[in-house]
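Working notes for the structure below.
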Amino acid sequence: MPVGEPAPPPERGSGLHGALEEFTARWEPAFSSSTGPRYLGFVTGGTTPAALAGDWLAAAWDQNPMNSLDPGGPLLERETLSWLRALFGLTDAHHGVFVSGATMSNTTGLAVAREWLGERAGVCVAEDGAAALGPVRVLSGAAHSSVAKALSLLGLGRGALVRVETLPGREAVDPAALESALREAEEAGAGCVVVANLGTVDTADFDELRALLALRERYRFWLHADAAFGAFAALSPRHAHLVTGGGGLDAADSVCVDLHKWLNVPYDSAVLFTRRPDLQAAVFRNAAAYLGPLGENPDGVHLTPENSRRLRALAAWFTLRAYGREGHREIVERCVACAHRLGAAVEALPGLRLLAPVRLNVVCFTLARDATGERLARLAEALADEVFLTPTVHAGTPALRAAFSNWRTTEADADRVAAALAHALHSL
Ligand SMILES: *Cc1c(COP(=O)(O)O)cnc(C)c1O
């Protein structure tokens, strides 16, 4: 059977060893080295040894942490969430839940926001549906694509997303433009949600949180912070101000953080924090006689889109326990140092041009001349044995990005990528 071709359904089993042999022969060759140190596409991250151990144990113990009638899993989640809160500078005013990724975290946060808009309008969206709400505007600068997807799923519609101007040459929202958009929305009688982008995918830019929080003194809106990978800036003393300014993430109404990116736990893992778990329970409650009453502290089953789910907290617990804040800070700082090193090398190469200064862990660059998508694809292809990069179009210019978030990446890897780039430019 060629790699990737679907085989017919197995009638007789080949045993575990047989399955492993076939997997190794047919499927391993088709898999990318996404846990490797030079897989710099998307914002990927790898798997620390401790996280991998935790994930294996999550599968082996096969706990379902949805319900405290079986309390071990939920208690371990609670401990892990408190460690994560401490990592990101959140207080226990924020209640956290585990979900499968930042898309689901954004969706969950925006579902709570939708319920809050209902509360303000004197309706219950969970009971009466999104149609009970008047007009809604979700204002954001360079929102991640998952926000539009979430709005589609939540019945608010992709059209509810209003793109607010960003600062010149930046992906950070222009606070003055945001203020105008809020004023306009208020005049139109629309309920407002603001999505703050803390770590944009193309250039790792950050909305100025302090300015957004200040707008709350004059306008009423739900502030959802998409800090999928940007929250990890909190671990670096030099960059923490990006997520701690003016009350920081803790002042947001809901906060999305991915764990399968910069925490380096395996897929699929993310968290959503919110100050309004009561509204969250209104949305996600799953009332059934055998699950017991909702109570003061609702179980996970009443707070997340899933009912049954795996104990994905265990991988995060293991890596935090094994390496501590110190170990994870070292990973973050090393990734940032690698990005700066590659950024400097790109600047020094006459054939390339940085499209934005390296702000954190992403290097966004293009060809100095004839920067077509096709030529960039050829460049990425020529590099494929050494490094995996993903394409983008930044401010209308086709580009490549290198995102550093893997615990294994070192400055020697950054140098190898730089050398490969220099070499590949010659043959372009
Ligand atoms: C990666 C990312 C997401 C989506 O995350 P998934 O884990 O793919 O669901 C959302 N927002 C930002 C800023 C991201 O970087």
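Structural remarks
- Residue count, segment 161-202 (criterion: closer than 25 Å to E127 by Cβ, surrounded by 14 or more Cβ atoms within 10 Å (Cβ to Cβ) and out of contact with any strand residue (DSSP E or B) (no Cβ under 9 Å at 6 or more places or on another chain)): 0
- Verdict on P65 being out of contact with any Leu (no Cβ under 8 Å at 6 or more places or on another chain), farther than 30 Å from V164 by Cβ and either at pLDDT 95 or above or more than 16 Å from the ligand (Cβ to nearest atom) (or both): no
- Enumeration of residues in segment 172-223 that are within 16 Å of the ligand (Cβ to nearest atom), under 17 Å from L156 (Cβ atoms) and out of contact with any helix residue (DSSP H, G or I) (no Cβ under 7 Å at 6 or more places or on another chain): none
- The requirement of being away from the ligand (no atom under 16 Å from the Cβ) and under 22 Å from S180 (Cα atoms) is not satisfied by D226.
- Segment 233-261 residues that are within 16 Å of the ligand (Cβ to nearest atom), paired with ones that are open to solvent by 20 Å² or more (accessible area, probe 1.4 Å) and among the hydroxyl-bearing types (S, T, Y) (beta carbon under 8 Å, 6 or more apart): A234/T244; H260/Y267
- Restricting the first member to segment 18-40 and to residues that are exposed (fewer than 11 other Cβ atoms within 10 Å of the Cβ), and the second to residues that are of a type in the set (A, V, I, L, M, F, W, C), the beta-carbon pairs closer than 7 Å and six or more apart or on different chains are P29/V3; A30/V3; S32/F388.
- Matching residues in segment 161-205 - criterion: being among the aliphatic types (A, V, I, L, M), closer than 25 Å to G118 by Cα and part of a loop (DSSP other than H, G, I, E, B): V164, A188, A190
- Residues in segment 314-330 that are hydrophobic (A, V, I, L, M, F, W, C) and open to solvent by less than 10 Å² (accessible area, probe 1.4 Å): A315, A316.
- Residue in segment 86-141 that is most open to solvent (accessible area, probe 1.4 Å), counting only those that are among the basic types (K, R) and touching a residue at least 60 places away in the same chain (Cβ under 8 Å): R120
- Subset tally (residues that are open to solvent by 50 Å² or more (accessible area, probe 1.4 Å), outside any loop (DSSP other than H, G, I, E, B) and without any contact (Cβ under 8 Å) to a residue 24 or more places away in the chain) for segment 50-75: 3
- Taking the criterion of being basic (K, R) and assigned to a helix (DSSP H, G or I), the only residue of segment 7-49 that qualifies is R26.
- Failed item, numbered, when P37 is tested on (1) farther than 17 Å from Y267 by Cβ; (2) within 16 Å of the ligand (Cβ to nearest atom): (2)
- Looking across segment 374-395 at every residue that is open to solvent by 40 Å² or more (accessible area, probe 1.4 Å) and over 24 Å from T409 (Cα atoms), the one that is modelled with the lowest pLDDT is identified as A395.
- Failed criterion for L311 (all others in (1) assigned to a loop (DSSP other than H, G, I, E, B); (2) surrounded by 24 or more Cβ atoms within 10 Å (Cβ to Cβ); (3) within 12 Å of the ligand (Cβ to nearest atom); (4) hydrophobic (A, V, I, L, M, F, W, C) hold): (3)
- Complete set of residues in segment 76-108 that are in contact with a strand residue (DSSP E or B) (Cβ under 6 Å, 6 or more places away or on another chain), within 16 Å of the ligand (Cβ to nearest atom) and part of a loop (DSSP other than H, G, I, E, B): G101
- Matching residues in segment 264-294 - criterion: being aliphatic (A, V, I, L, M) and within 12 Å of the ligand (Cβ to nearest atom): V265, A270, V271, L272
- So S236, is it over 19 Å from the mean Cα position of the chain (by Cα) and polar (S, T, N, Q): no
- Residues in segment 338-357 that are open to solvent by less than 50 Å² (accessible area, probe 1.4 Å) and either over 14 Å from R401 (Cβ atoms) or in contact (Cβ under 8 Å) with a residue 60 or more places away in the chain (or both): C338, A339, L342, A345, V346, L349, G351, L352, L355, A356.
- On inspection, H423 fails the criterion of being modelled with pLDDT of 95 or more, touching a Cys at 6+ places or on another chain (Cβ under 8 Å) and farther than 19 Å from T44 by Cα.
- Within segment 142-160, the residues that satisfy the criterion of being free of Cβ contacts under 8 Å to residues at least 24 places away in the same chain and either assigned to a helix (DSSP H, G or I) or surrounded by 15 or more Cβ atoms within 10 Å (Cβ to Cβ) (or both) are S145, A148, S152, R158, G159.
- Of everything listed in (1) out of contact with any Gly (no Cβ under 9 Å at 6 or more places or on another chain); (2) open to solvent by 50 Å² or more (accessible area, probe 1.4 Å), the single unmet condition for G246 is (2).
The values are calculated or read from the model by the stated rules, or taken from the named source; none is laboratory data. It should be emphasised that the depicted structure is a prediction, and the values quoted were computed from it without experimental measurement. Because the Cβ atoms are built from the backbone with ideal geometry, glycine has one as well, and the counts that use them run over all protein chains shown. Surface accessibility is based on the protein's heavy atoms, side chains included, excluding ligands, DNA and RNA. Shrake-Rupley method; radii C 1.70, N 1.55, O 1.52, S 1.80 Å.
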